[in-house]
Amino acid sequence: MKTTTHPQNGNGSYSQIFRVQTEALRAMHDFLSGRGLIQLMPVILSPITDPLNHSVDDAYITYNGQKLQLTKSMILHKQIAVSALDTRGIYIVSPNVRLERVQSSDRHLLEFSQLDIELKTATASEFMTLIEDLMIYIISQVKATCADELEKLNATLRIPRRPFRTHTSWSLLEEYGPHYESEISRSEDDLFWITDFQREFYDREDPEHHGHYVNYDLVYPEGYQEALSGGERDYEYYVLVRKIRERGQKLDDFAPYLELARAGMLGPSAGGGLGIERLIRFLTKRSNICEITLFPRIPNSIIKI
Ligand code: ASN
């Protein structure tokens, strides 16, 4: 088992990297608040969290006899919040803990930050348009404010052109096989979308095409892979119950969320989550995600500090 060293990158580039991060976060807040979205604070402890589409070890704590999980993503709270509030949409910079089982990876951290966004009553295409504008804005702002830093980091950024190209997951599976996302990420030179994945119960099933989903991943070019994943949401009690059962998951694990659904307190929305460390890795063109965090939590290694 590896032991993580500190600091990780050892090449004096932290100050440039964190300046890029600061400007990227500023651009994110300016853009989203300018579009009328409101910022919420994160939730870290809850009896419910995202079941995810891949298995990780659960991070539980017990408090006052109650078993609580650390947040894997704020999807369920995000859906509840956007339904309750009178707003166009919400965003949260949220810490996520995912105790990954991968042996080694240049793009996974056990603890990372996710920019979670959810738009009330939006369609997938409205959400995707917002994200295209957001990514163009962040990249343009970083290019304009961090020219020296990018030069020192030897990072060249292209401003992507709209609309971003779109592929379906099943057409890519046919063309490239099971590792299609990494393969196509290497061959594209602009950000692009992959749509229609079979995954978590909260992503909306396409009512017109059985077995298809109204969801998406935004993917970086040059081999940097996934930027954001999300979808339109299912919110009706009986639909959610059927889909949780179909996935072999327990209704009890989502009881407070399902109670709200049964009371009609969830509504239609579309959203997604953008990994902040992956964004900074892409903007600074670092090869390994642990180069852009001071205290990296790397899968399958000892955490020293
Ligand atoms: N953030 C994602 C979403 O909004 C969920 C996730 O991270 N698994 O759909």
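Annotations
- Dipole magnitude of the chain, debye to nearest 20 (Cβ charges: Lys/Arg +1, Asp/Glu -1, about Cα centre): 800 debye
- Cα-based Rg / Dmax (Å) for the chain: 19.2, 55
- Taking amide hydrogens as placed 1.01 Å from N in the peptide plane, the amide H of V97 sits under 5 Å from those of T71, K72, each at least 5 positions away in sequence or on another chain.
- Distance between the 7 Å Cα→Cβ label points at R101 and L45: 2.8 nm.
- All other residues whose Cβ lies under 11 angstrom from that of I289 are scored, Lys and Arg at +1 and Asp and Glu at -1, for a net of +2.
- Estimated translational diffusion coefficient (Stokes-Einstein, Kirkwood radius over Cα pairs, 10 °C, 1.306 mPa s) of region 258-305: 112 µm² per second.
- Annotation: for a label point projected 7 angstrom from Cα along Cα→Cβ of Q198, no residues of region 258-301 have a backbone N closer than 13 Å.
- One chain, two ends: L251 and Q66. Fully extended at 0.36 nm per residue, the span grows by 64.8 nm beyond their Cα-Cα distance.
- Put simply, the amide H of Y213, placed in the peptide plane, has neighbours under 5 Å in F197, D206, leaving out anything fewer than 5 places away on its chain.
- 0 to 90° range, to nearest 10: angle between helix 237-246 axis and the chain longest Cα axis: 70 degrees
- Shape box of region 42-121 [Cα atoms, principal axes, largest first, Å]: 43, 37, 19
- Heavy-atom accessible surface of region 148-305: percent carbon and sulfur, 1.4 Å: 47 percent
- The radius of gyration of the Cα set in region 157-288, together with its Dmax, comes out at 17.0, 48 angstrom.
- Rolling a 1.4 Å probe over the protein heavy atoms gives region 56-209 an accessible area of 50 Å² per residue.
- What the Kirkwood sum gives for region 190-265 is a hydrodynamic radius of 13.7 Å, with every pair of different alpha carbons counted.
- Cα-based Kirkwood hydrodynamic radius, region 72-207, one decimal, Å: 17.9 Å
- Computed with the Debye formula from one identical point scatterer per Cα of region 147-198, without solvent, the log10 of I(q)/I(0) at q = 0.30 Å⁻¹ comes to -1.16.
- Taking Cα atoms only, the orientation of helix 14-34 departs from the longest principal axis of the chain by about 40 degrees.
- Region 40-83 versus region 143-173: alpha-carbon centroid distance in Å: 31 Å
- Take S187: with every protein chain present and a 1.4 Å probe, its accessible area is about 80 Å².
- In the frame of its principal axes, region 1-134 has Cα extents of 48, 45, 27 Å, reported largest first.
- Amide H contacts of R165 (H built 1.01 Å from N, under 5 Å, at least 5 apart or other chain): W193
- Leading residue at positive end of dipole, region 195-297 (Cβ point charges), from G264, L279, I292: I292
The values are calculated or read from the model by the stated rules, or taken from the named source; none is laboratory data. Since we're looking at a predicted model, the values are computed, not measured. FYI the Cβ positions are ideal-geometry reconstructions off the backbone, even for glycines, and counts take in every protein chain you see. Just so you know, the surface numbers come from the protein's heavy atoms only, side chains and all, with ligands and any DNA or RNA stripped out. Shrake-Rupley method; radii C 1.70, N 1.55, O 1.52, S 1.80 Å.
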